[in-house]
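The values are calculated or read from the model by the stated rules, or taken from the named source; none is laboratory data. On a predicted model such as this, the values are computed, not experimentally measured, just so you know. Positions of Cβ are generated from backbone atoms using ideal geometry, with glycine treated the same way; all protein chains shown enter the neighbour counts.
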Amino acid sequence: MQRDKLEEVIRARRNEMTLQLSDREWALLRQVRQRKRVGGDQDYQTLIHSRLVFEYRDQGESWFDVNPILLEAKALEAG
């Protein structure tokens with residue numbers, strides 16, 4: 001029961017997040033997902049500041065990936 005509620009909340013949040021994304025932002029998210037890097041331009045910085053992309057660190061190494069809430073978004077796979 002609690003798991004169902006959690007999944008419902010995640011789906012609702014994913015829906016909220018995806019409705020506001022442009023085609024350009026989806027393309028950038030797909031690039032981050034594939035490369036695990038973020039470019040220095042303003043578009044990428046916007047993705048980080050809006051929490052669409054997270055920075056991860058492990059033993060001094062950094063990499064980036066798409067917010068886990070968005071990982072099951074169909075638009076992330078398209079393109």
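Annotations
- Some residue of region 13-21 being surrounded by 15 or more Cβ atoms within 10 Å (Cβ to Cβ), among the polar types (S, T, N, Q), under 12 Å from the mean Cα position of the chain (by Cα) and modelled with pLDDT of 95 or more: no
- Any chance LEU76 is surrounded by 12 or more Cβ atoms within 10 Å (Cβ to Cβ) and aliphatic (A, V, I, L, M): yes
- Across region 56-73, the number of residues qualifying as of a type in the set (Asp, Glu) and surrounded by 11 or more Cβ atoms within 10 Å (Cβ to Cβ) comes to 2.
- Per-region count, region 61-79, residues at pLDDT below 90 and outside any helix (DSSP H, G or I): 2
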